[in-house]
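Reviewing the structure listed below.
Values in this text are rule-based calculations from the coordinates and carry no lab data. Fair warning: this is a prediction, and the values are worked out from it, not measured in the lab. Quick reminder, even Gly has a Cβ in these numbers, built from the backbone with ideal geometry, and neighbours come from all protein chains shown.
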Amino acid sequence: MSKTVEKMRKAHEKQAKLIRKNPAFNEVSEAFDVEYAVAKELHKARTKAQLSQAQVAEKMGTTQSVISRIERGGNVSVETLARYAAACGGTLKVKVV
């Protein structure tokens, strides 16, 4: 490994440790984890339905770029999630554990 790459790796590790010490880190991390999990499930539903982002967008009356944003974990309403699920032939179910 080159010296430059090693320096960058060490700097990254140091920065990551500092970020994890921030009191808000856990809260933000948990929120991100939820958004990522929802996005992953939506993508899985679309793939299972054998639909493209453009096809889901057409069924929802929106654009492919909006579907892409949703699948990247963008902040969306429950109504939008339900419409997305319906466009893929499913229904939205929320579970608190």
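Odds and ends about this structure:
- Taking every DSSP helix (H) stretch of at least 4 residues in the chain, weighting each as -39,500 (n - 2.57) and dividing the sum by the residue count yields a mean residue ellipticity at 222 nm of -23000 deg cm²/dmol.
- Each residue in THR91, THR80 was given a count of other beta-carbon atoms within 10 angstrom of its own, and listing them fewest first yields THR91, THR80.
- Taking VAL66, VAL38, VAL56 as the candidate residues, the one with maximal mean-square fluctuation in a Gaussian network model of the chain, Cα springs under 10 Å, is VAL66.
- Measuring against 26 Å, Cα to Cα, the residue pairs LYS59/LYS93; LYS44/LYS93; LYS44/LYS95; LYS14/LYS95; LYS40/LYS93 contain LYS14/LYS95 as the ones spanning a longer distance.
- The stretch 66-97 residues near the modelled ASN26 label - backbone nitrogen below 20 Å, point 7 Å along Cα→Cβ: 97
- From the largest down, the chain spans 51, 34, 20 angstrom on the principal axes of its Cα atoms.
- Once the Cβ-Cβ distance of GLU58 and VAL96 is raised to the sixth power relative to R0 = 30 Å, the FRET efficiency obtained is 0.35.
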